[in-house]
Amino acid sequence: EKELEGVFNAFPIKHPNPGIRRMALCMRALLETLYATGMRISEALLLKRSQWTEIKEKKETKIVSAKGGNERIVYFSDRAIEWLERYLKERNDISDAMFVNSYGEPLKVVTAKSYILRFRKKFGENGRKIKFHTFRRTLATHLLLKGMPIHEIKTIIGWKSDRTLLRHYAISIREIAKQKYLEIMNK
């Protein structure tokens, strides 16, 4: 969680240059969204501003999955909604895309990657490891560590199989089992 905060706080959201500030707010809102929802980057970049009212009021919205084209519901934390709101207030374009580049055009994955690269040094020693998928995996790991059942995590992340979760998170599951074992046996 400390590393995650370091990444989130690396963006200069108070920069005096409005263009840099908007780009930093865009990236902060995008990464907060990726972490809160477990969406893939391609799914997040398809979000529309016209979905904002639903997101803000219901803390959820329907998306089309990048894998298989199935629809699923994603949930937004209060924190992600707060950052989206801050970002949207700074925008002065008319695009319906939720995330836009400096010209007000829908943000593309390659542009978002270039924005990440600009701030990588500020992320600290873990900066070289940061990928958009990191936020999806981090969410699943955090939910698992906090005790959420695997079938519920599977629903949140949009996996079809428990095996996907187990294959990616077997180390975390072993760590949880060890911690719980030691808590019980060492009392």
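Quick notes
- Output for the range 103-120, where each listed residue is surrounded by 15 or more Cβ atoms within 10 Å (Cβ to Cβ) and of a type outside the set (K, R): P106, L107, T111, A112, Y115, I116, F119
- Against the numbered list (1) at pLDDT below 80; (2) open to solvent by less than 50 Å² (accessible area, probe 1.4 Å); (3) under 26 Å from L47 (Cα atoms), F132 comes up short only at (1).
- Residue count for the range 1-31, restricted to those that are touching a residue at least 24 places away in the same chain (Cβ under 8 Å), over 16 Å from L88 (Cβ atoms) and aliphatic (A, V, I, L, M): 3.
- Search result, residues across the range 69-100 that are closer than 15 Å to S42 by Cα and either in contact (Cβ under 8 Å) with a residue 12 or more places away in the chain or out of contact with any Lys or Arg (no Cβ under 8 Å at 6 or more places or on another chain) (or both): G69, N70, R72, V74, A97, M98, F99, V100
- Filtered residues of the range 91-101 (kept if exposed (fewer than 15 other Cβ atoms within 10 Å of the Cβ) and modelled with pLDDT under 95): N92, D93, I94
- Count of the range 26-81 residues which are within 23 Å of L4 (Cα to Cα), open to solvent by 10 Å² or more (accessible area, probe 1.4 Å) and part of a helix (DSSP H, G or I): 8
- Flag not set for R163, criterion: under 16 Å from A24 (Cα atoms), open to solvent by 70 Å² or more (accessible area, probe 1.4 Å), in a helix (DSSP H, G or I) and at pLDDT below 85.
- Any pair with Cβ under 9 angstrom, 6 or more apart, that starts in the range 46-62 at a residue that is without any contact (Cβ under 8 Å) to a residue 40 or more places away in the chain and under 14 Å from A29 (Cβ atoms) and ends at one that is in a helix (DSSP H, G or I) and of a type in the set (G, A, S): I55/A80
- Condition met for R86 (touching a Gly at 6+ places or on another chain (Cβ under 6 Å), not hydroxyl-bearing (S, T, Y) and not in a loop (DSSP other than H, G, I, E, B)): no
- Search result, residues across the range 101-122 that are under 17 Å from the mean Cα position of the chain (by Cα) and either under 11 Å from A29 (Cβ atoms) or in a loop (DSSP other than H, G, I, E, B) (or both): L107, K108
- A single entry from A177, A140, A170 fulfils the requirement of being part of a helix (DSSP H, G or I), at pLDDT 75 or above, among the small types (G, A, S) and surrounded by fewer than 16 Cβ atoms within 10 Å (Cβ to Cβ): A177.
The values are calculated or read from the model by the stated rules, or taken from the named source; none is laboratory data. Predicted, not measured: the structure shown is a model, and the values here were computed from it. Neighbour counts run over all protein chains shown; Cβ positions are idealised from the backbone, glycine included. Protein only, heavy atoms only, side chains kept; ligands, DNA and RNA dropped before computing areas. Shrake-Rupley method; radii C 1.70, N 1.55, O 1.52, S 1.80 Å.
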